[in-house]
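What follows is a short report on a single structure.
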Amino acid sequence: MKAFIFDLDGVIVDTAKYHFIAWKRIGEKVGFQLSHEQNESLKGVSRVESLERILGWAEVEISSTEKEALLIEKNEDYLQQIDAMGREEILPGVIELLQFAQENNIPVALGSASKNATRILEKLNITSYFNAIVDGNHVTISKPDPEVFLKGAALLNQAPKDCIVFEDAAAGIAAAKAAGMTTIGMGGADEVKTADHCFDTMALIKPEFIRSL
Ligand code: B16
Ligand code: MG
């Protein structure tokens with residue numbers, strides 16, 4: 001195995017809780033109560049697609065101008081919460097694994113659906129660990145399409161089969177599998193049990209395990 005590709009939300013930091021707060025407020029604006037389960041299914045799904053799903057659940061039809069306004073409002077709300085976040089919110093074991101990669105010359109890419117990914121990496125002060133960043137601004141088709149991960153592998157000059165993807169969402173595991181990569185499901189949710197390997201946290205991933213891949 002020659003390269004790591006990290007998802008962001010739910011793998012490096014738990015931003016799902018901030019997405020949930022922001023989407024819940026948007027849902028309420030259209031008279032809908034977003035549930036935890038529904039929020040779970042939005043993990044790894046793009047902002048535009050997330051809004052479409054919420055409007056579908058709410059059985060509400062609005063104009064594209066109104067959708068645009070809701071997307072802006074949701075993101076402003078989300079960013080306000082993100083900006084209050086600190087390095088202590090980095091999930092357990094993440095820094096250690098990034099350092100392991102650096103010390104062992106394993107190239108690392110980010111493969112996230114988020115258009116706010118670079119801002120979040122900067123905020124957490126971990127941008128320098130990444131040799132390539134592919135985020136929601138660089139892809140045309142969302143996960144479960146493999147585009148985001150294939151672009152990451154290409155930027156790292158690695159064959160897809162030599163990449164290990166760390167993902168917390170069903171859509172992301174499906175995307176990485178479709179790319180022909182090894183998948184590591186993070187967070188222990190049932191949705192990621194289809195991954196090749198699963199860990200509750202990165203702190204449980206030992207160097208011997210990585211070497212064994
Ligand atoms: P943004 P990931 C995904 O990030 C999130 O899981 C998903 O909930 C969110 O809607 C999507 O990014 C877009 O995020 O609104 O910041 O562009 O898990 O692929 O890192
Ligand atoms: Mg994720």
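The values are calculated or read from the model by the stated rules, or taken from the named source; none is laboratory data. Nothing here was measured: the structure is a model prediction, and the numbers come from that model. Backbone-built Cβ (ideal geometry, glycine too); neighbour counts: all protein chains shown. Each accessible area value is taken on the protein alone, full model and side chains, heavy atoms only, with ligands, DNA and RNA left out. Shrake-Rupley method; radii C 1.70, N 1.55, O 1.52, S 1.80 Å.
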- request: List the number of the failed condition for Gly185; all other conditions in (1) modelled with pLDDT of 95 or more; (2) within 16 Å of ligand 2 (Cβ to nearest atom); (3) open to solvent by 50 Å² or more (accessible area, probe 1.4 Å) hold.
  value: (3)
field: Top-ranked residue in the range 130-149 [being closer than 16 Å to Glu52 by Cβ and either open to solvent by less than 40 Å² (accessible area, probe 1.4 Å) or touching a Cys at 6+ places or on another chain (Cβ under 9 Å) (or both); ranked as farthest from ligand 2 (Cβ to nearest atom)]
entry: Gly136
- prompt: Could you list, in sequence order, the residues of the range 1-15 that are within 10 Å of ligand 2 (Cβ to nearest atom) and out of contact with any Asp or Glu (no Cβ under 6 Å at 6 or more places or on another chain)?
  reply: Phe6, Leu8, Asp9, Ile12, Asp14
query: Just checking, how many residues over the range 98-127 are away from ligand 1 (no atom under 16 Å from the Cβ) and either of a type in the set (Gly, Ala, Ser) or in a helix (DSSP H, G or I) (or both)?
result: 5
- request: Test Arg47 against the criterion of being open to solvent by 30 Å² or more (accessible area, probe 1.4 Å) and within 17 Å of Gly136 (Cβ to Cβ), and give yes or no.
  value: yes
message: Among the residues of the range 189-198, are any at pLDDT 95 or above, buried (at least 19 other Cβ atoms within 10 Å of the Cβ) and in contact with a helix residue (DSSP H, G or I) (Cβ under 7 Å, 6 or more places away or on another chain)?
response: yes
- request: Considering every residue within the range 36-46, establish whether at least one is more than 16 Å from ligand 2 (Cβ to nearest atom), outside the structural domain of Ala113 (by TED's automatic domain parsing), touching a Lys or Arg at 6+ places or on another chain (Cβ under 6 Å) and not polar (S, T, N, Q).
  value: no
- request: Among the residues of the range 112-126, write down those that are open to solvent by 40 Å² or more (accessible area, probe 1.4 Å) and either touching a helix residue (DSSP H, G or I) at 6+ places or on another chain (Cβ under 8 Å) or of a type in the set (Lys, Arg) (or both).
  value: Lys115, Thr118, Arg119, Lys123, Asn125
